[in-house]
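S.K.: Right, I'll just put the structure down here and ask away after.
The values are calculated or read from the model by the stated rules, or taken from the named source; none is laboratory data. What you are looking at is a predicted structure, and each value in this text was computed from that prediction instead of being measured. As a convention, Cβ positions derive from the backbone with ideal geometry for all residues, glycine included, and neighbour counts pool all protein chains shown.
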Amino acid sequence: MKKLLITACLFAFLGSVAFAQDEEPERKGFDRDKLFFGGNFGLAFGSASTLVNVSPQVGYRFNRYFAAGAGVNFIYSSYKYSYTGASYDYQEQYGVTGLNVFGRFYPIDFLFVQAQPEANYVWGKYHFYNGEPDVKMDSKIVPSVLGGVGGAIPMGRGAFIIMVQYDLLQQTMSPYGNKAFFNFGYNIGL
């Protein structure tokens with residue numbers, strides 16, 4: 001009975017040693033495998049509206065709990081307004097370009113809380129179809145702080161991202177308005 005117990009303990013020990021050799025030691029310093037790319041990309045075209053959004057981001061997953069990164073924003077939208085019903089009275093054209101940084105905290109695997117400060121340069125104009133001259137909007141830098149929660153569903157070398165965000169600052173001319181909004185995207189890992 002003792003030989004059987006000693007043999008079983010020996011196999012358990014050797015099995016754990018063999019298993020431990022399969023695990024990779026944690027690397028120190030920059031690890032390219034922790035980089036990920038993602039962001040927002042959107043196109044919408046209609047008879048009265050157009051939206052183009054290209055806002056790429058790059059991030060780094062520091063550990064199981066924290067990730068951070070930065071990105072750029074490029075958004076263009078136009079909307080034609082009609083008050084007569086027969087034709088358009090005017091068109092609003094709106095552009096945004098800016099920079100953002102973000103930080104994510106993962107309290108539970110695949111669920112995160114995110115904060116994303118931004119500085120966006122916003123410009124635009126109103127084009128009237130009755131012959132009146134165009135009116136330019138005041139161009140200015142508009143700060144935003146997006147707060148949100150989301151989920152990352154693993155898929156291959158990346159993750160499908162679902163997020164709800166809200167602009168906490170609510171500045172005039174904010175590109176995000178005064179309501180919560182949803183983002184869907186994909187983060188691609190290297």
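S.K.: List every residue pair whose Cβ atoms lie under 8 Å apart, where the two residues are 6 or more positions apart in sequence or sit on different chains, the first residue falls within region 122-137 and is more than 11 Å from residue 91 (Cα to Cα), and the second residue, located anywhere, is modelled with pLDDT of 90 or more and in a loop (DSSP other than H, G, I, E, B).
M.R.: Qualifying pairs under 8 Å: 122/137; 122/139; 123/137; 123/139.
S.K.: Specify which of the listed residues (180, 119) is of a type in the set (Gly, Ala, Ser) and at pLDDT below 95.
M.R.: 180
S.K.: In region 47-87, which residue that is outside any strand (DSSP E or B) and of a type in the set (A, V, I, L, M, F, W, C) is surrounded by the most Cβ atoms within 10 Å (Cβ to Cβ)?
M.R.: So the residue we want is 62.
S.K.: Checking residue 166 against (1) within 18 Å of residue 69 (Cβ to Cβ); (2) without any contact (Cβ under 8 Å) to a residue 24 or more places away in the chain: exactly one of these is not met. Which one?
M.R.: All conditions pass for residue 166, except number (1).
S.K.: For the list (1) surrounded by 13 or more Cβ atoms within 10 Å (Cβ to Cβ); (2) of a type outside the set (Asp, Glu); (3) at pLDDT 90 or above, I need the number of the one condition that residue 108 fails.
M.R.: (1)
S.K.: Restricting to region 158-175, count the residues that are within 16 Å of residue 102 (Cα to Cα) and either of a type in the set (Val, Ile, Thr) or modelled with pLDDT under 90 (or both).
M.R.: So the count comes out to 3.
S.K.: Still on this model: Give the number of residues within region 146-190 that are buried (at least 16 other Cβ atoms within 10 Å of the Cβ) and aliphatic (A, V, I, L, M).
M.R.: Summing the residues that are buried (at least 16 other Cβ atoms within 10 Å of the Cβ) and aliphatic (A, V, I, L, M) in region 146-190 gives 6.
S.K.: Does any residue of region 171-178 turn out to be part of a strand (DSSP E or B) and either touching a strand residue (DSSP E or B) at 6+ places or on another chain (Cβ under 7 Å) or closer than 18 Å to residue 39 by Cα (or both)?
M.R.: Checked against the condition, which is being part of a strand (DSSP E or B) and either touching a strand residue (DSSP E or B) at 6+ places or on another chain (Cβ under 7 Å) or closer than 18 Å to residue 39 by Cα (or both), region 171-178 yields no hits at all.
S.K.: Another one. Counting only residues that are small (Gly, Ala, Ser) and part of a strand (DSSP E or B), which one in region 37-46 is surrounded by the fewest Cβ atoms within 10 Å (Cβ to Cβ)?
M.R.: Ranking the candidates gives 44 first.
S.K.: Now, a different point. Say we look at region 154-181 and pick out the residues that are among the polar types (S, T, N, Q) and closer than 11 Å to residue 142 by Cα; which of these is farthest from the chain's Cα centre (by Cα)?
M.R.: Out of the qualifying residues, it is 172.
S.K.: What's the total number of residues in region 39-76 that are within 25 Å of residue 109 (Cβ to Cβ), in contact (Cβ under 8 Å) with a residue 40 or more places away in the chain and among the aromatic types (Phe, Trp, Tyr)?
M.R.: Count: 2.
S.K.: Among the residues of region 117-128, is any among the hydrophobic types (A, V, I, L, M, F, W, C), over 30 Å from residue 32 (Cβ atoms) and surrounded by 18 or more Cβ atoms within 10 Å (Cβ to Cβ)?
M.R.: Taking every residue of region 117-128 in turn, at least one turns out to be among the hydrophobic types (A, V, I, L, M, F, W, C), over 30 Å from residue 32 (Cβ atoms) and surrounded by 18 or more Cβ atoms within 10 Å (Cβ to Cβ).
S.K.: Consider region 1-43. How many of its residues are among the hydrophobic types (A, V, I, L, M, F, W, C) and at pLDDT 90 or above?
M.R.: 3
S.K.: Quick check on region 110-144: of everything there that is outside any loop (DSSP other than H, G, I, E, B) and among the charged types (D, E, K, R), which residue is farthest from the chain's Cα centre (by Cα)?
M.R.: The qualifying residue farthest from the chain's Cα centre (by Cα) is 136.
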